[in-house]
Amino acid sequence: MSLLKTTESKILACIKNDLWARFVTLQNQDRIWTLSLTNKGTPKSAEQDSSQTIDTPLVMVHGFGGGVGLWIRNLDALSRSRTVYAFDLLGFGRSSRPHFPSDAAKAEEQFVNSIEQWRQAVGLETMILLGHSLGGYLATSYAIQHPSRVSHLILVDPWGFPERSKPEVEQSQGAEVVKRPSIPRWVKAIASVVSLFNPLAVIRAAGPWGPGLVNRFRPDFKRKFEDLFDDDTMTQYIYHCNAQTPSGEVGFRAMSETLGWAKRPMLQRVHLLPPSMPVTMLFGARSWVDSSSGNRAAEIRGKAHTKVLLINEASHHVYADQPDDFNREVENICKSVD
């Protein structure tokens, strides 16, 4: 954990705006590692200061195996006009690593309850809630259960929305040929591990070779941030986030099926979001996550405000692949709220 703290400190040193980093203690004494950023900027008039205070804060929730450090390309830009919060999900990063139940609904509830307790402890009345991948799934679940707290829901390449696809069956010369949807090799590789162990067990089992393993299987993480760091800072960060005692990934495994499908697909529940809640879904045009689930969510919600946007030249990690486009879209959404 001390190595994670050191690596994260190096990443956060890039931030130019005012940063407050601390642990937020929940009712059960679990702790959530939290960043809050405000615009350092130039001194404002009293009138501007009063208007600044009413801007709805943006809360950012990372995906599976990640942490607050992955938002390094976004935090400064998005905190120019409002306070931005980012926290390590319970069981991930520097947050507490409690036991998670093996039941999918109970594991999801533990994540969602921790987000609500965090909100209460920080003292936020309402927020613009943004979640990436697993964070998008949990943000949606939170918004369904606590709709009065969410002014706008932003889902970035969210995991766990579609139902597990059934193989397509074609007739070929009288015989049935099963045609399965194409899934990237690295997703299949991870899936094979997930089916037997906790998803990231192989990294911990590798011991001192773990960081090299992350570099080998996810060299894209180094490339995404190479203009900020010319070494292995980001892959070291990913490694140290996940070399700790497995906790959040146990919860994730409880919620997921083979090949990463959710046991409780979110498309079955998006109709529970109030029609008055605006939802924007951002997908990477080159992501392995199918953006059609966004279109399906829009159909299910009918006349409710649901917008689906594609970010060109972006993979699953939209915020890091095309940070300027991502930051601009999120900033536009935030301005629409205020």
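Below is a table of values for the structure above.
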| read-out | value |
| --- | --- |
| Segment 26-33 - phi-based ³J(HN,Hα) in whole Hz, Karplus 6.51/-1.76/1.60, Gly and Pro as x | 8, 4, 8, 6, 4, 10, 10, 6 |
| Long-range HN-HN contacts of G284 with modeled amide H, under 5 Å | D157, I311 |
| Built amide H within the under 5 Å cut-off of V61, gap 5+ | L130, G131, H132 |
| Added length on full extension, which subtracts the Cα-Cα distance from 0.36 nm per residue, D231 to V122 | 35.7 nm |
| Additional length obtainable on full extension of the chain from E299 to E163, 0.36 nm per residue less Cα span | 47.4 nm |
| 5 angstrom amide H check on V308, placed H, neighbours 5+ away | M281 |
| Tensor-based shape of segment 219-338 (alpha-carbon gyration tensor, a/c under 1.5 rounded, otherwise prolate or oblate) | oblate |
| By average C-beta atoms within 10 angstrom, highest first, the peptides 81-91, 15-25, 275-285 | 81-91, 275-285, 15-25 |
| Fraction of accessible area attributable to carbon and sulfur, segment 97-139 (%, probe 1.4 Å) | 46 |
| Trypsin sites (Lys or Arg not before Pro) within segment 266-319, DSSP loop, no more than 16 other Cβ atoms inside 10 Å | R269, R286, K303 |
| Chain lengthening between S81 and S102 when straightened (0.36 nm per residue, less Cα-Cα) | 3.5 nm |
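The values are calculated or read from the model by the stated rules, or taken from the named source; none is laboratory data. Source: prediction; values computed, not measured. All Cβ positions, glycine included, derive from the backbone under ideal geometry; neighbour counts span all protein chains shown. Areas reflect the complete protein model, heavy atoms only, side chains present, ligands, DNA and RNA absent. Shrake-Rupley method; radii C 1.70, N 1.55, O 1.52, S 1.80 Å.
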